[in-house]
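So the structure is just underneath, and the comments pick up after that.
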Amino acid sequence: QLDQKLAGHQVLITAGPTREPLDPVRYLTNRSSGKMGYAIAEAAQKMGADVVLVSGPTNLDCPDQISCIRVETAEEMLKAVSAEASKSTIFISAAAVADYRLKEVATKKMKKQGSSLHLELEQNPDILATTSKANPDLFTVGFAAETNDVIEYAMGKLKRKQLNMIVANQVGGGKGFDKDSNQVDILTDGGDHISLPETSKQQLAFDILDVVCQFYSKDQSNKS
Ligand code: C5P
């Protein structure tokens, strides 16, 4: 029996990629497997939380005793997250949201048209930043997957998106995406820096949630 540190919490988690359609048969997406977000969802449930998992398309099954909402696009993900955020105490954003979507999605299958094709993209909403700003009491945790200058970029995102905590990890060169293990550094809005050792995504999920619990309590006692 695990320590039920998250009993009484609703933990909202996003996971997986988003899928942005070009036409009825094609889409833009990325290499996110969803493994880290799903591992966090399972770990949070085992630590006593009510878990809502908003997931983009993945090959993973919805874990037992978790409420799963399946979405495709970033806009659908934002809608689902916005509906759940005010009922939640902790939001962990592990999804690899597509930064851009097609400006105009073709209603019919696009035809070949010469040697080059130009697609016009427009920016997707930032789900994490929007949710954090709209719900100041929500404890928000972001992820920053970077190929270089990991800590520096993560610090920028922590501030820009007004987060309580960011989990930074190196990707590329065989690390991060679609792997079963991971190594992360956690930065907090109070200036703390915690380096967690490389381990399976399952174990890392518990380790990350332990740090979340520790700083959630600190955050609450600072507020009162
Ligand atoms: O800016 P970047 O995409 O690197 O930020 C990563 C963090 O922001 C992740 O926690 C990711 O889930 C979240 N994000 C989001 N909506 C976006 C882009 C990123 O929620 N449109």
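The figures follow:
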{"item": "Residue ID - modelled with the lowest pLDDT, chosen from residues in the range 3-24 that are outside any strand (DSSP E or B) and within 16 Å of Gln214 (Cα to Cα)", "result": "Asp3"}
{"item": "Count of residues meeting criterion [closer than 30 Å to Glu104 by Cβ, more than 9 Å from the ligand (Cβ to nearest atom) and either assigned to a strand (DSSP E or B) or not aliphatic (A, V, I, L, M) (or both)] in the range 133-171", "result": "1"}
{"item": "Of the criteria (1) part of a loop (DSSP other than H, G, I, E, B); (2) more than 24 Å from Arg19 (Cα to Cα); (3) within 13 Å of the ligand (Cβ to nearest atom), which one Pro125 fails", "result": "(2)"}
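Yes/no per residue for (1) surrounded by 15 or more Cβ atoms within 10 Å (Cβ to Cβ); (2) in contact with an Asp or Glu (Cβ under 9 Å, 6 or more places away or on another chain):
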residue	(1), (2)
Lys112	no, no
Glu120	no, yes
Ile127	yes, no
Thr130	yes, no
Gly142	yes, no
Ala154	yes, yes
Leu158	yes, yes
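Residues are listed down the side, and each one gets a yes or a no for (1) aliphatic (A, V, I, L, M); (2) surrounded by 15 or more Cβ atoms within 10 Å (Cβ to Cβ); (3) touching a Lys or Arg at 6+ places or on another chain (Cβ under 8 Å):
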residue: Glu20; (1), (2), (3): no, yes, yes
residue: Ser33; (1), (2), (3): no, yes, no
residue: Gly37; (1), (2), (3): no, yes, no
residue: Asp50; (1), (2), (3): no, yes, no
residue: Asp61; (1), (2), (3): no, no, no
residue: Thr73; (1), (2), (3): no, yes, yes
residue: Ala95; (1), (2), (3): yes, yes, no
residue: Ala98; (1), (2), (3): yes, yes, yes
residue: Glu104; (1), (2), (3): no, no, no
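The values are calculated or read from the model by the stated rules, or taken from the named source; none is laboratory data. Computed from a predicted model, the values in this text were never measured in an experiment. Cβ: placed from backbone, ideal geometry, glycine included. Neighbour counts: every protein chain shown.
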